[in-house]
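FYI, it's all coordinate maths here, none of it is from the lab. Predicted, not measured: the structure shown is a model, and the values here were computed from it. Backbone-built Cβ (ideal geometry, glycine too); neighbour counts: all protein chains shown.
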Amino acid sequence: MRYIWLFLSLGPCALFAQHKPLFDTTGTAAKLQWFTDAKLGIFIHWGIYSVKGVGESWSFHNGAMPHADYMQQIKGFTAKHYDPAAWAELIRKSGAKYAVITTKHHDGVALYHTQLVPGGRKKPLSVVAASPCGRDVIAPFFTELRMRDIKCGAYFSLIDWSDPDYPGFLRDSSRYKVADDPARWQRFSTYNQGQIEELCKRFKPDLFWFDGDWEHTAEEWQAAKIRAMILKDNPKAIINGRLQGYGDYATPEQNIPIETPPGPWELCLTSNDNWGWQPQDTVYKSTHDLIHIFADVIGHGGNLLLDIGPKEDGTIPPGQVKLLEEIGQWTGAHAEAIYGTLAGLPNGHFYGPTTLSKDSTTLYLFLPGGTGGSALIKGLDNKILSAEVVGKPIALTHRVVGKISWSKVPGLVFVDVPEEAKDPWMTVLKLKLDGPVKLYRGQGGFN
């Protein structure tokens, strides 16, 4: 007889193996609690690439345009309509509990008031020092987020293709190899780590979202040193999984995992086809599709980090505003099935995403594609005390089919879903159980 009890007192990842960490994990689970409870974050890619609407950094790296032409965009970055309070309020309305913004992309241009000067320059490379914007755009945004109790995340690119002291430059050409010029690499590392330390001391981010770690090893990046530096200033800070083994959670990009990643994880996803604003990219993912993706992610214990790309003047495209507002309508109506929940049933028990309350006594069913008629659950060996629709005062009936009196194998549970229960995007049901969820995982038959 194969049963599994899903009383997840060890947290949402208790059923899955963990990657072997490269650092002392004492206290990590506790400080990650807000993150695993948050479920939804908003990613913001904003920078000089939004002036002409070209690919962020990659456009010059891959040869789509000369580096010099790309960098000229800094003269057109105005942020003249930037309203950090409006941004933060839109994020709050979406239901997101944290936001991550680019403080510096691979092009090396800082969006905050850095005091440090990269190689080959006489003044800092930032929108404060070199653009018509002339001001720090990160500080007021973090202030507005914190006024709304939203956690603050700082995206920071480890690689800096514009710094002559950095080895990499274009896809088909590099400046030098680290082994051939270690003094040059150390100059860059000192500058790079200095900027990370600036972010630590000035903004105290709740989350560091690194990118670009693939170009060098943990030893070359001095990843252990970077992690220690961050935690010295803010022991509660968490770090994403792009620091060569020194991050706290995994970060799959664009594609939804089929198998649940081990440990905490976050899917970063564009709202259209590109991270930053591009004028031709106006075909957004539908609210329906994003909600279904989001439900699938949280059903596997993950978070969704949904991206938007403002224009250079600080305005957010109307299509992205509409998406966040509509997602907020749905998250607001279904909050109890989303925030603070655990990964739901293993694959095969229900044809759709599910989540569980932290004590595993409440099961939430997310009905895909506007499912009507009846929802089917297999292998549930609990008594259902009550069934209802989340967000609507509608009680539901259920029935057990195929239970054999002399067999311990549970029957099939059907929950009837009337037409008036349907949500226009995704209906969610709430089942109150007689104890922590208990599942039959056998092959049928007598036992």
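At-a-glance table
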item	result
Where labels lie 7 Å past Cα in the beta-carbon direction, separation of LEU170 and TRP214 in nm	2.1
Sum of side-chain charges, VAL54 neighbourhood, beta-carbon under 12 Å (Lys, Arg +1; Asp, Glu -1)	-4
Magnitude of the charge dipole, the chain, Cβ model with Lys/Arg +1 and Asp/Glu -1, debye to 20	900
Qualifying lysines (Cα of each under 19 Å from Cα of LYS422; at least 8 residues distant if same chain)	LYS392, LYS430
CD proxy at 222 nm, helix term only [per DSSP H run n ≥ 4: -39500 (n - 2.57); per residue of the chain; nearest 500]	-7000 deg cm²/dmol
Calculated Rg and Dmax of the range 349-442 using C-alpha coordinates, Å	12.9, 42
Contact order normalised by residue count of the chain, Cα under 8 Å, 6+ apart, percent	19
Gaussian network model of the chain, Cα within-10 Å springs - most flexible of GLY402, GLY95, GLY370	GLY402
30 Å Cα-Cα threshold exceeded, pairs from LYS123/LYS201; LYS285/LYS378; LYS122/LYS236	LYS285/LYS378; LYS122/LYS236
